[in-house]
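S.K.: Take a look at the following structure, please.
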Amino acid sequence: MFLGMSESEANDTGWRGTNEGSKLAGRADLWNDGDLENNPQFGTSGFTGLPGGYRYNNGNFMFLANYGYFWSFTWHLSYTAWNRELHSFYSEVHRANRNKKIGCTVRLVRGLPENLSINSGENDKKTNSK
């Protein structure tokens, strides 16, 4: 939302926004050529999202140089959590829920909201994404 997306659009799933993905990405030399890095807003947010792909549950890495997968702090179900994704072919940002067994990037976790506990089963009931 800080980059211009409405709250309802930010909490929707799939590819959303216009160029928020390009704004969040950084280091064009690491991304495969595509709409993400060719957008004039590339790298303007100060976040520097990198294309680290994800670590599959067997330990192999998938989609390096094409995708950046970033966990949010919000669980979807007991075995899934919400994430945001950047892709070299899209300047938008993607929101989906993924199995917690895969390894996505985590960026600077300062603390949890007062109403959320990592060890609480209550997390299974939370579906809103921050």
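S.K.: Hey, got the dipole for region 46-104? About the Cα centre, +1 on K and R Cβ, -1 on D and E Cβ, debye to the nearest 20?
M.R.: Once rounded to the nearest 20, the dipole reads 220 debye.
S.K.: At most 16 other Cβ atoms within 10 Å and a DSSP loop assignment: could you name the chymotrypsin sites (Phe, Trp or Tyr not before Pro) in region 2-35 that fit?
M.R.: In loop regions of region 2-35 (DSSP not H, G, I, E or B), the sparsely surrounded chymotrypsin sites (Phe, Trp or Tyr not before Pro) are F2.
S.K.: Let me ask something else about it. Compute the accessible area per residue over region 55-101, keeping the other protein chains in place, probe 1.4 Å, unit Å².
M.R.: Heavy-atom SASA per residue in region 55-101 reads 52 Å².
The values are calculated or read from the model by the stated rules, or taken from the named source; none is laboratory data. Small disclaimer: the values here were computed from a predicted structure and weren't measured. Glycine gets a Cβ as well: all are built from the backbone with ideal geometry, and neighbour counts include every protein chain shown. With ligands, DNA and RNA removed, areas are computed over all heavy atoms of the protein, side chains included. Shrake-Rupley method; radii C 1.70, N 1.55, O 1.52, S 1.80 Å.
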